[in-house]
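Since the structure comes first, as structure tokens, the remarks are kept for the end.
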Amino acid sequence: MVVQASTPGNMSYNGLAQTPPMGWNNWNAFGCYVNNRLLETTSNLLVKYGLRDAGYQYVVVDDCWSSHRDDDSQTLVADSVRFPQGMKSIADYIHHNSMKFGIYSSAGLYTCAGYPGSLGYESIDAHTFAEWGVDFLKYDNCYNNGQSGNPSISHRRYNIMSQALRSTNRPIVYSLCNWGEDNAWSWAPTISNSWRMSGDISDNYDRADARCPCAPDNLRCPLTGFHCSMAHILTKASYLTAKAQPGAWLDLDMLEVGNGGMTQNEYKTHFSMWAAMKSPLMIGTDLENLHADDLAIYLNPAVIAVNQDPLGESINLVWRNRVIDGQTVHVSLWSGRLFNGDQIVAVVNQDRVERHVTISLADIFSDEPRKARTMNWAVHDLWGPSRLNASSLHEIMSSDSLNGSRFPESYYNATAKSYSEGVIEKDRRLIGDKIFEFGPAGQRSVSIPAHGIGFYRLRSIETFLV
Ligand code: GLA
């Protein structure tokens with residue numbers, strides 16, 4: 001039986017982003033080193049590597065693309081060295097590849113890197129973006145002239161651009177980036193399609209950095225900063241999962257997979273948890289120098305299917321840090337519902353050694369105890385042996401052709417059949433490898449590698465009515 005998505009919080013303010021946006025953004029890997037060649041090459045590689053057809057649609061240019069405002073029209077002017085043909089031309093190029101184009105500005109006098117901001121120019125800029133063919137706007141928070149400090153001021157400032165974008169009548173996804181300041185969760189969901197909840201990510205698992213000064217449980221952090229580790233953001237986001245909604249997603253920041261600062265197990269944790277929390281999935285690495293191992297992570301269809309699940313509910317933290325034999329074990333258990341009655345479960349090991357942990361149906365279904373007591377569940381590993389692997393991707397990566405390479409069988413083309421349709425048809429690439437079964441009230445020990453994740457889809461086998 002297929003359970004229809006029932007989403008009382010389904011409130012996308014402009015009807016867009018019914019599932020989390022997926023794409024690529026240059027910032028994590030390139031910072032200000034951005035130009036038309038980079039965007040064009042990346043767009044071509046997104047096609048060649050099968051990423052576009054896996055769902056990564058948006059090519060987003062971050063900060064540093066503009067130079068000044070035109071004296072007469074006051075419109076933003078593209079940097080003539082980085083983008084000699086202007087932004088419309090790059091939008092056309094990306095559209096020609098059947099992808100979408102995203103741009104960046106700030107709700108401030110300047111962008112974070114010091115280029116002209118949109119504060120006071122919202123209507124002009126929204127219309128300029130629409131004329132250029134922009135499909136997505138990331139809207140930052142630097143140099144806001146003191147217009148922050150309480151939810152009402154921040155809401156007012158971000159709402160001006162929200163309305164301006166709507167008034168263009170062009171569908172433009174609005175990606176609000178105020179780092180979670182001023183309780184963004186209480187006002188951003190009604191005026192944007194996603195909202196950042198932390199300071200900027202950095203490419204490391206759990207390194208503390210004074211530039212990301214607040215503890216992750218400080219939801220009133222006055223200085224969100226940057227250089228926040230993946231684990232810091234994950235912990236902070238665990239308090240906000242109830243606020244994520246279809247069309248107004250919790251944005252955990254862009255992905256670091258491929259940038260070299262984490263191990264493969266750490267990147268699998270990063271990618272899986274961003275997917276399960278329904279964060280936008282924005283590839284943040286250099287595709288020209290991508291390793292096949294990292295491409296295999298970005299393309300894992302079973303994980304992407306969780307992110308794009310039509311129910312649009314985030315996974316939730318069930319417990320973290322248990323004392324086992326007198327020792328605190330830094331493991332956490334997460335669980336969440338999926339649209340067809342399956343359950344997504346994550347076991348995250350933040351220790352530097354392998355851990356054996358007991359997981360139970362009672363914990364997994366703590367919100368719905370009947371499912372734990374009365375049902376049998378098959379546990380499918382979403383990083384199991386039959387998943388897409390690096391060696392099967394070498395051929396497409398080394399091929400000269402941009403299009404038409406033969407993808408391995410384990411690759412999933414979501415433009416041919418959506419993830420939810422594939423799940424309904426029990427496509428093994430999406431539901432993973434069955435590893436064991438849980439009887440009613442069952443429990444089981446699982447081994448999770450250092451800094452690794454167990455990422456499972458539970459499927460009911462049959463129901464015992466009691
Ligand atoms: C802020 C944002 C980042 C990035 C930079 C660009 O720090 O949070 O994601 O856009 O600005 O300067």
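The values are calculated or read from the model by the stated rules, or taken from the named source; none is laboratory data. Fair warning: this is a prediction, and the values are worked out from it, not measured in the lab. As a convention, Cβ positions derive from the backbone with ideal geometry for all residues, glycine included, and neighbour counts pool all protein chains shown. All accessible areas refer to the heavy atoms of the entire protein, side chains included, with ligands and DNA or RNA removed. Shrake-Rupley method; radii C 1.70, N 1.55, O 1.52, S 1.80 Å.
For the chain, CYS177 stand unpaired, since no other cysteine beta carbon lies under 4.7 Å from theirs. With a Förster radius of 35 Å applied to the C-beta separation of ILE435 and VAL323, the computed FRET efficiency comes to 0.85. Taking the Cα of ILE461, stepping 7 Å toward and past its beta carbon, and measuring to each backbone N in the range 423-437: which are under 16 Å? Counting backbone N atoms under 16 Å from the label point, the list is 433-437.
Extension gain, ARG207 to MET11: 0.36 nm times the residue separation minus the Cα-Cα distance gives 66.9 nm.
Ligands, DNA and RNA excluded, the heavy atoms of LEU223 present near 110 Å² of accessible surface to a 1.4 Å solvent probe.
I'd like the FRET efficiency for ARG166 and GLU288, computed as 1/(1 + (r/R0)^6) with the beta carbon distance as r and R0 of 45 Å, rounded to 0.05.
0.80
Taking the chain as the region of interest, the number of lysine pairs whose Cα atoms are within less than 14 Å, with members eight or more places apart or on different chains, is 5. So if R0 is 22 Å, what FRET efficiency would ARG69 and ALA113 give, r being the distance between their Cβ atoms, rounded to the nearest 0.05? Computed FRET efficiency for ARG69 and ALA113: 0.85. What net charge is computed for the residues neighbouring VAL323, neighbours being all others with C-beta under 15 Å from the C-beta of VAL323, Lys and Arg scored +1, Asp and Glu -1? So the surrounding residues net to +1.
Sequentially through the range 17-27, phi angles give Karplus couplings (6.51, -1.76, 1.60; θ = phi - 60°) of 6, 5, 10, x, x, 10, x, 9, 9, 7, 4 Hz, Gly and Pro residues having no value and appearing as x.
Taking a sphere under 12 Å around the Cβ of GLY108 and counting the other residues whose Cβ falls inside, with K and R at +1 and D and E at -1, yields a net charge of -2. To put it simply, the accessible area of the chain at a 1.4 Å probe is 48 percent carbon and sulfur.
Projecting the Cα atoms of MET397, TRP377, PRO449 onto the dipole axis of the range 364-452, where Lys and Arg carry +1 and Asp and Glu carry -1 at the beta carbon, places TRP377 farthest toward the positive end. Simple rule: put +1 on each Lys or Arg Cβ and -1 on each Asp or Glu Cβ in the chain, find the dipole, and look at PRO20, SER366, SER162; the Cα lying farthest toward the positive end is SER366. What the phi angles of the range 427-436 give under the Karplus curve with 6.51, -1.76 and 1.60, with θ = phi - 60°, is a coupling list of 4, 4, 5, 9, 9, x, 9, 5, 10, 6 Hz, glycine and proline written as x.
The distance from the alpha carbon centre of the range 269-323 to that of the range 81-139 is 27 Å, rounded to a whole number.
Note on the chain: with charges restricted to the Cβ of Lys and Arg (+1) and Asp and Glu (-1), its dipole about the Cα centre is near 1040 debye. Compared with the dominant Cα axis of the chain, that is its longest principal axis, helix 86-96 is turned about 40°. Positive end of the charge dipole of the chain (Lys, Arg +1 and Asp, Glu -1 on Cβ, about the Cα centre): tell me which of ASN44, PHE436, SER410 has its Cα farthest that way. Positive-most Cα among the choices belongs to PHE436. Residue ranges 88-94, 105-111, 144-150 sort as 105-111, 88-94, 144-150 when ordered by packing (mean number of other C-beta atoms within 10 Å per residue, highest first). Computed over neighbours whose Cβ is under 11 Å from that of TRP179, the net charge equals -4, Lys and Arg +1, Asp and Glu -1. Per residue, the chain exposes an accessible area of 39 Å² to a 1.4 Å probe, with every protein chain left in place. Using every pair of alpha-carbon atoms in the chain, split the distances into 20 Å bins beginning at 0 and state the percent of pairs per bin, rounded to integers. The distribution over the chain is 25, 58, 17, 1, given as percents. Rounded to the nearest 10 degrees, the angle from helix 36-48 to the longest Cα principal axis of the chain is 30 degrees. Computed over protein heavy atoms with a 1.4 angstrom probe, the accessible surface ordering of ARG352, ARG196, ARG428, largest first, is ARG352, ARG428, ARG196. Compute the helix-to-body angle for 151-167: its Cα long axis versus the longest principal axis of the chain, expressed 0 to 90° and rounded to tens. The angle comes out at about 70 degrees.
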